[in-house]
1. Whether any residue in the range 367-385 is within 30 Å of V136 (Cβ to Cβ), of a type in the set (S, T, Y) and modelled with pLDDT of 95 or more is what I want to check.
2. Scan the range 132-181 residue by residue and report those that are in contact with a Phe, Trp or Tyr (Cβ under 9 Å, 6 or more places away or on another chain) and of a type in the set (S, T, N, Q).
3. Counting only residues that are farther than 19 Å from T156 by Cα, give me the strands (runs of 3 or more DSSP E) lying completely in the range 28-142 with at least 2 of them.
4. How many residues are within 19 Å of R29 (Cα to Cα), in a strand (DSSP E or B) and away from the ligand (no atom under 12 Å from the Cβ) when one looks only at the range 376-417?
5. Among (1) within 13 Å of the ligand (Cβ to nearest atom); (2) hydroxyl-bearing (S, T, Y); (3) not assigned by TED's automatic domain parsing to the domain that holds A349, which single condition is T156 missing?
6. Hey, can you tell me all the residues within the range 243-265 that are within 15 Å of the ligand (Cβ to nearest atom) and more than 18 Å from the chain's Cα centre (by Cα)?
7. Does the range 104-126 include one or more residues that are farther than 28 Å from A178 by Cα, β-branched (V, I, T) and out of contact with any Leu (no Cβ under 7 Å at 6 or more places or on another chain)?
8. Only one of D192, D176 is under 30 Å from A260 (Cα atoms) and within 11 Å of the ligand (Cβ to nearest atom). Can you tell me which?
Amino acid sequence: MSPDPFATGPFADVIVVGAGSAGCVVADRLAREGTVLLLDAGPATPPPSAVTSLRALPVGPGSTRVVRYRDERGRDVVRGRGIGGSSAVNGGYFLRGHRADYRGWPWPAEAVADAFTAAERMMRVSAFADAELGTVARAFDAHWAPRGRAAEGPWTAVGLNRVRSNRVAGHRMTADRAYLGRPRRSVRVHGDAAVVGLEMRGDRVTGVRTSAGTLRAGRVVLTAGALGTAALLTPILGTLAIREHPEHLVRFEPRRAITAPALLQSVVHTADGLELRCYGDDFAAFIDGVAPTGVPVGVADLGAATTGSVRASPAGLRVDLGVPDDESAERIGRGVAAVVEMLASPAFADLVRPGSIRVDAMTGLSSHAWGTLPAGVATDAAGAVPGIDGLHVADGSVLPGPLHAGPHATIVAVASLVADRIAAG
Ligand SMILES: Cc1cc2nc3c(=O)[nH]c(=O)nc-3n(C[C@H](O)[C@H](O)[C@H](O)COP(=O)(O)OP(=O)(O)OC[C@H]3O[C@@H](n4cnc5c(N)ncnc54)[C@H](O)[C@@H]3O)c2cc1C
């Protein structure tokens, strides 16, 4: 048997900080080149099936698989915690953005397309079939299909888009299972290993500080999520801008029983950049410990994300995910009107209890925060930060621009592109 590649002590060729969607992809790719120590603040044990069920969104008050931030406007911001990260707790929607979103990104268009194809294979992605649709999704499709389906193909487009989901037998395929399911001698995963700072010699990152001590490596790759990575870098780089997709909810009470095999099975993309989200049931049906508030339909502005900020403070990371500007608020208002009209249409006549439609007072958020260190601007195609050697960023922080989709598929694809560049480097 060959010697243990980690036998020389607490060192690795690469330390990857954060074992979420991007971290698992990066650890898998870089383990082909040398030893990788993958650290996560949460548990290293794979999420149990109660967590990964597509019928559960395990982000309720008692969940140990999430970390909660409170943004400066008082909003609850939840991110995944522990191996698998947000891929273990998210909605299981795994859609590419519009093809044009990726123009001008610092990787060739062909490489981006290939990275999506590989990510979809690894994450076992498939579109929900007609026969799998829940009650609300069937009504939603009946209303929107005559108004235009999106052009066929792997990219989303204007029109009705069937959701593609990373899933096996009713469970989310998580990033750890997809990329690290096969044990590898050159990857070691440490859970309960929160990184509290970067170890630097001059302009070079030489390792990380954890509560258990300092670990050294030739390179450090940050994949702690846009907020976790910002917590480590804002003390060095100062305040960073951050993007988020605002979402306004319209709710109704159903007048008959609803089946919902997954949170989100169908969405409409409008020509002015909105995503109308057909949630399968009341969030209370998916999230333990929250009170019923009606079946929501989401109106998210994907065309113009909000811009907020993250900054270091003595009390920890200060997060403000921003609010829509006037134009965005106007667009969202038009989307809300279209949803109210939809709920009053024949397709929903036997589903919506008369008089039960109501529009939330405030616009909320999508749990998508990204783009603090856009590749091509604040980082390069290998996720390197100018002026800091030995450091790369490969998670949602580096997504370069507006995105007409939830970010999960793009984060997985981009992590593989960044890891390829690091490996080549
Ligand atoms: C509830 C929810 C639902 C969502 N639904 C969808 C959806 O359906 N479709 C979609 O496209 N997107 C969705 N998203 C967004 C998407 O899942 C995330 O944007 C994506 O998974 C983020 O990937 P990441 O690698 O950047 O970070 P994450 O997957 O969040 O991973 C970050 C990891 O780093 C660890 N970490 C953080 N700080 C430290 C530290 N200091 N030291 C060590 N480890 C650390 C965390 O514990 C975590 O495991 C959702 C997100 C949430 C939270």
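1. no
2. Across the range 132-181, the qualifying residues are S165, N166.
3. The strands (runs of 3 or more DSSP E) meeting that bar are 36-39, 66-70, 76-80.
4. Residues that pass the stated criteria total 3.
5. T156 satisfies all of (1) within 13 Å of the ligand (Cβ to nearest atom); (2) hydroxyl-bearing (S, T, Y); (3) not assigned by TED's automatic domain parsing to the domain that holds A349 except (3).
6. Listed by number, the residues that qualify are L249, A260, P261.
7. no
8. Testing whether each residue is under 30 Å from A260 (Cα atoms) and within 11 Å of the ligand (Cβ to nearest atom) leaves just D176.
The values are calculated or read from the model by the stated rules, or taken from the named source; none is laboratory data. Just so we're clear, the structure is a prediction, and the values are computed from it rather than from any experiment. With ideal geometry, Cβ positions are generated from the backbone for all residues, glycine too; neighbour counts draw on all protein chains shown.
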